[in-house]
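Visitor: Structure below; questions to follow.
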Amino acid sequence: MACVVKEKERAGIINPIFTCQPAGAQYVSIGIKDCIGLVHGGQGCCMFVRLIFSQHFKESFELASSSLHEDAAVFGGLNRVEQGVDVLLMRYPNLKVIPVISTCSTEIIGDDIDGVITNLNDGLLKEKYPGREVHLVPIHTPSFVGSMVSGYDIAVESFVRAFAKKDKPNGKINLITGWVNPGDVRELKHILKEMDIDATVLFEIEKFDAPLMPKEQAQPHGETTIDDLTGTANAIGTIALNKYEGGKAAEYLEDTFDVPAVIGPSPIGIRNTDLFLKKLSQMTGKPIPKSLAYERGVALDALTDLTHMFFADKKVAIFGNPDLVISLAEFCIDLEMKPVLLLLGDDNRSYKNDPRITQLQEKVDFDMDIILNADLFELEDRIKKGLKLDLIMGHSKGRFVAMDNKIPMLRVGFPVFDRAGYYRHPRVGYNGAVWLAEEMANVMFNDMEYKRNKEWLLAMW
């Protein structure tokens, strides 16, 4: 019985778990108010990412592309950045922030986006847009390394580096949410309100769940402002919920401005939410209120109703963003389940040194494989070779593996495009623990009914 961390045995990727780094940078950019990201690369580098966002959130988002063609491979494409910035500023009079996001093609041909931004600041902006507040932010996200996870991390740090400025203390904490959903942000803000904590939530995406209101713009947009980013240097502390999705920015603020940083764990499940509340209390001096203790009690009662009767010893495979996968595995273990396979889908070699994974290796008393640089073919191949699973947890890209092998699957992570409204519901906090456990149970109940597998238990429960 052992928890083993290893690379997949095949070279190459078949059916990847993640998309590329620029997608993560674009996700951060749409969380900033008065901001439109300019993706410097082929049109598909922007178009297909917008499509994934629209599939997941069922909304449309504003992103721009420099739309390079073959001639750029020979002559370079920086003129397209200059044209793109000019067009965006002419078309959007309220636009203030334009991150220039590199891609694999523009990094390979050596386009100097830092240099072109310097030229634009000294030339176009002074000559054509004098007095207008415009911030151009270079974000280097070559697609041939990393994934959307590392792209998110790079972009958060790039924005914080560009705007953070030391001034007088503002009494707030910085809360870097990582790659979450509007429902998660709503739950986090609820927790902060219950504890009477003033926080800058980075990056503010609650309005991605955009209401249809009379005489109001329906276009979803982020709510993190320039002032919010500037004030990150003056906070009493930073909590990054995810090590690999905002951890670099938290470390930068600590190293540069002496803003204490706490990184993780993601508050998924009871024990990690307990730790999150404890760290909030320690950082701010605010007590944990009885209202949250009550929510914890409700969650414990809900989980108790399910754990031993339905979850005990059930084998689970989990894939997706590393912080999410590790936290879900910890949650499953607390529910007496056995996460036998964790798939981390990019080339980050530091995962194996993650203290959470080290702790799993020390404490897990069943066979668990943690596969680095994994893909969804790895999941399917192991199932066909005899891996027995009671549940799969991951985003919608794994749906065909679940369908073909008749294994129940809970959609969680990004993207989820084949279920309605999942982005509205939290995974974090005590309420998120209830939602996760009950959704896990319900997909397993459906499977029991269709397979006539002890479905009589549901009438006895």
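Visitor: Just wondering, is there one or more residues in the range 380-388 that are without any contact (Cβ under 8 Å) to a residue 12 or more places away in the chain, outside any helix (DSSP H, G or I) and of a type outside the set (Val, Ile, Thr)?
Guide: Yes, the range 380-388 has at least one match.
Visitor: So in the range 60-101, with the set limited to residues that are modelled with pLDDT of 90 or more and of a type in the set (D, E, K, R), which one is surrounded by the most Cβ atoms within 10 Å (Cβ to Cβ)?
Guide: Top of the filtered list is Arg80.
Visitor: Being at pLDDT 95 or above and assigned to a loop (DSSP other than H, G, I, E, B), is that true of even one residue in the range 39-59?
Guide: Among the residues of the range 39-59, not one is at pLDDT 95 or above and assigned to a loop (DSSP other than H, G, I, E, B), which makes the answer no.
Visitor: Now for a separate question. Hey, can you tell me all the residues within the range 142-171 that are among the polar types (S, T, N, Q) and within 16 Å of the chain's Cα centre (by Cα)?
Guide: Within the range 142-171, the first condition is being among the polar types (S, T, N, Q), and the residues that meet it are 143, 147, 150, 158, 170.
Result: Ser147, Ser150.
Visitor: Return yes or no: is Thr273 under 21 Å from Glu254 (Cβ atoms), in the same structural domain as Ile197 (by TED's automatic domain parsing) and either touching a residue at least 12 places away in the same chain (Cβ under 8 Å) or crowded, with 16+ Cβ neighbours inside 10 Å (or both)? Before you say what the answer is, go through the steps one by one.
Guide: Values: under 21 Å from Glu254 (Cβ atoms): no; in the same structural domain as Ile197 (by TED's automatic domain parsing): yes; either touching a residue at least 12 places away in the same chain (Cβ under 8 Å) or crowded, with 16+ Cβ neighbours inside 10 Å (or both): yes.
No, not satisfied.
Visitor: Also: Kindly establish whether Val116 is of a type in the set (Val, Ile, Thr), surrounded by 15 or more Cβ atoms within 10 Å (Cβ to Cβ), within 24 Å of Gly24 (Cβ to Cβ) and touching a strand residue (DSSP E or B) at 6+ places or on another chain (Cβ under 6 Å). If you could, list the steps in order and put the result at the bottom.
Guide: Values: of a type in the set (Val, Ile, Thr): yes; surrounded by 15 or more Cβ atoms within 10 Å (Cβ to Cβ): yes; within 24 Å of Gly24 (Cβ to Cβ): yes; touching a strand residue (DSSP E or B) at 6+ places or on another chain (Cβ under 6 Å): no.
Here the answer is no, as Val116 does not meet what is asked.
Visitor: May I ask you to verify whether Phe400 is within 30 Å of Gln55 (Cα to Cα) and either surrounded by fewer than 19 Cβ atoms within 10 Å (Cβ to Cβ) or charged (D, E, K, R) (or both)?
Guide: On the way: within 30 Å of Gln55 (Cα to Cα): yes; either surrounded by fewer than 19 Cβ atoms within 10 Å (Cβ to Cβ) or charged (D, E, K, R) (or both): yes.
Criteria met by Phe400.
Visitor: Quick test for you: out of Leu229, Leu188, pick the one residue that is within 20 Å of the chain's Cα centre (by Cα), under 23 Å from His140 (Cα atoms) and either outside the structural domain of Gln26 (by TED's automatic domain parsing) or in a loop (DSSP other than H, G, I, E, B) (or both).
Guide: Details: Leu188 fails: under 23 Å from His140 (Cα atoms).
None of the others qualify; the one that does is Leu229.
Visitor: Hey, can you tell me all the residues within the range 101-116 that are assigned to a helix (DSSP H, G or I) and closer than 16 Å to Val145 by Cα?
Guide: If we filter the range 101-116 for residues that are assigned to a helix (DSSP H, G or I), which is where we start, we get 104-109, 113-116.
Within the range 101-116, Cys104, Ser105, Thr106, Glu107, Ile108, Ile109 meet the criteria.
Visitor: Somewhere in the range 212-222, is a residue closer than 17 Å to Ile173 by Cβ, in contact with a helix residue (DSSP H, G or I) (Cβ under 7 Å, 6 or more places away or on another chain) and either free of Cβ contacts under 8 Å to residues at least 24 places away in the same chain or not aromatic (Phe, Trp, Tyr) (or both)?
Guide: The answer is no; no qualifying residue exists.
Residue-wise test of (1) farther than 30 Å from Lys278 by Cα; (2) free of Cβ contacts under 8 Å to residues at least 40 places away in the same chain; (3) not in a helix (DSSP H, G or I).
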residue: Arg399; (1), (2), (3): yes, yes, no
residue: Ala402; (1), (2), (3): yes, yes, no
residue: Pro415; (1), (2), (3): yes, no, yes
residue: Glu439; (1), (2), (3): no, yes, no
residue: Lys454; (1), (2), (3): yes, yes, yes
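Visitor: Checking the conditions here, which among Val156, Val160, Val137, Val180 is touching a residue at least 40 places away in the same chain (Cβ under 8 Å), closer than 20 Å to Asp114 by Cα and not in a helix (DSSP H, G or I)? Walk me through how you get there before you give the answer.
Guide: Working: Val156 fails: not in a helix (DSSP H, G or I); Val160 fails: not in a helix (DSSP H, G or I); Val180 fails: closer than 20 Å to Asp114 by Cα.
Criteria check complete, one pass: Val137.
Visitor: Do you know which of the residues in the range 276-299 that are more than 12 Å from Asn431 (Cβ to Cβ) and crowded, with 19+ Cβ neighbours inside 10 Å is farthest from the chain's Cα centre (by Cα)?
Guide: This residue is Thr284.
Visitor: Which numbered condition trips up Cys46, out of (1) of a type outside the set (Val, Ile, Thr); (2) crowded, with 22+ Cβ neighbours inside 10 Å; (3) in contact (Cβ under 8 Å) with a residue 40 or more places away in the chain?
Guide: Among (1) of a type outside the set (Val, Ile, Thr); (2) crowded, with 22+ Cβ neighbours inside 10 Å; (3) in contact (Cβ under 8 Å) with a residue 40 or more places away in the chain, Cys46 violates only (3).
Visitor: Is it true that some residue in the range 348-361 is over 18 Å from Gly247 (Cβ atoms), part of a helix (DSSP H, G or I) and of a type in the set (D, E, K, R)? So that I can check it myself, show each step before the final result.
Guide: Just the residues of the range 348-361 that are over 18 Å from Gly247 (Cβ atoms), to begin with: 360-361.
Then keep just the ones that are part of a helix (DSSP H, G or I); that gives 360-361.
Pick out the ones that are also of a type in the set (D, E, K, R) and you get none.
Looking through the range 348-361, none of the residues is over 18 Å from Gly247 (Cβ atoms), part of a helix (DSSP H, G or I) and of a type in the set (D, E, K, R).
Visitor: A further question on this structure: Go through Ala302, Ala317 for me and flag whichever is within 23 Å of the chain's Cα centre (by Cα), surrounded by 15 or more Cβ atoms within 10 Å (Cβ to Cβ) and not aromatic (Phe, Trp, Tyr).
Guide: Working: Ala302 fails: within 23 Å of the chain's Cα centre (by Cα).
One residue alone meets the criteria, Ala317.
The values are calculated or read from the model by the stated rules, or taken from the named source; none is laboratory data. It should be emphasised that the depicted structure is a prediction, and the values quoted were computed from it without experimental measurement. Cβ atoms come from the backbone with ideal geometry, glycine included; neighbour counts cover every protein chain shown.
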